Structure formats: structure tokens, C-alpha cells
Amino acid sequence: MQILLGLVILILIFAVVSTLLLTGKADENYGSSTKRNTTNLTLIYVVIIFIALVALAVYIWLM
């Protein structure tokens, strides 16, 4: 359990640092490519939610 908690904290720290680094970069074409950006973001959310549900199922199954 300690290993899993450490892994979660490590991923959280990585996510926060990555987000802060990416927020400094501006995309000049963001307004003109809204449809593509929305599609990509939706796809990312679908994949992440699917992975999270699989991870939750594995966690519940192993407990």
C-alpha cells in the first residue's frame, strides 16, 4: 500500500509540474482551431476516464 501511495504522489507532482510548465506557452492558432482542440480534448478525457475505470476495477478486484 505504501508503494501505491508513493506512486500516486509521484504522478501528482509530475502532473502539477507539467501543467505549470505548459501554461507558460501560448498557442497563437488556438482560436482558429477550436473544433480540433475540442475534439482532441474530448478524446483525451475519454481515454483517461477509461484507464481510470480499468485501474479502479483492478484495484477492487485485487482487494
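Rule-based calculations on the coordinates, nothing more; no lab input. All values reported here derive from a predicted model rather than from experimental measurement.
Assorted remarks:
- Residue by residue, segment 12-18 carries 3J(HN,Hα) couplings of 4, 4, 4, 5, 5, 5, 4 Hz when phi is fed to the Karplus relation 6.51 cos²θ - 1.76 cosθ + 1.60 (θ = phi - 60°); x denotes Gly or Pro.
- Equivalent-ellipsoid semi-axes of the chain, from the Cα gyration tensor, Å, largest first: 31, 18, 4
- The 3J(HN,Hα) values that the Karplus relation (6.51, -1.76, 1.60; θ = phi - 60°) gives for segment 34-40 are, in residue order, 4, 4, 5, 5, 5, 5, 5 Hz. Gly and Pro appear as x.
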